[in-house]
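Accompanying notes for the structure given below.
No value in this document is a laboratory result; all are computed from the given coordinates. Everything numeric here is computed off the predicted structure, so don't read it as measured data. No Cβ is skipped: glycine too gets one built from the backbone with ideal geometry, and neighbour counts run over all protein chains shown.
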Amino acid sequence: MKSAYELAMERLEKNAPSIALTDEQKRELADVNSTYKAKIAEKELFLRDEIRKTQAAGNFEEMEKLEKQLATAIVRLRDDCKAKKEKLRASFAK
């Protein structure tokens, strides 16, 4: 008898078969990932420095605005990365 896990995995494989990626495809996905990690790090470094400066100046409203800008930028960049990787994966399936 098969376990519930095995049955679920069989159903999943029927609905959305897994695709084995080549080394080149894995490299492309890794490149996208590292590019966006670098963009996020760059944005964090810049805005955290600005936040520190505004905090030192006592401008807490501007500091709050910059923190929200940082959070929004990170979410946007992560979403962009995810979308780009999904687009790449879709092109691999063709």
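Please verify whether Ile51 is under 24 Å from Cys81 (Cα atoms) and hydrophobic (A, V, I, L, M, F, W, C), treating the condition exactly as stated. Lay out the reasoning, then the answer.
Values: under 24 Å from Cys81 (Cα atoms): no; hydrophobic (A, V, I, L, M, F, W, C): yes.
Here the answer is no, as Ile51 does not meet what is asked.
Screening Lys39 against (1) surrounded by fewer than 12 Cβ atoms within 10 Å (Cβ to Cβ); (2) in contact (Cβ under 8 Å) with a residue 24 or more places away in the chain; (3) farther than 25 Å from Ala93 by Cα leaves a single unmet condition, (1).
When you check Asn15 against the structure, is it touching a residue at least 24 places away in the same chain (Cβ under 8 Å) and either at negative phi or among the β-branched types (Val, Ile, Thr) (or both), yes or no? Lay out the reasoning, then the answer.
Numbers: touching a residue at least 24 places away in the same chain (Cβ under 8 Å): no; either at negative phi or among the β-branched types (Val, Ile, Thr) (or both): yes.
No.
Here Met9 does not qualify as exposed (fewer than 10 other Cβ atoms within 10 Å of the Cβ) and more than 23 Å from the chain's Cα centre (by Cα).
Scanning region 58-90 for residues that are touching a residue at least 12 places away in the same chain (Cβ under 8 Å) and closer than 30 Å to Leu21 by Cβ turns up Ala73, Ile74, Leu77, Arg78, Asp80, Cys81, Lys84, Lys85, Leu88, Arg89.
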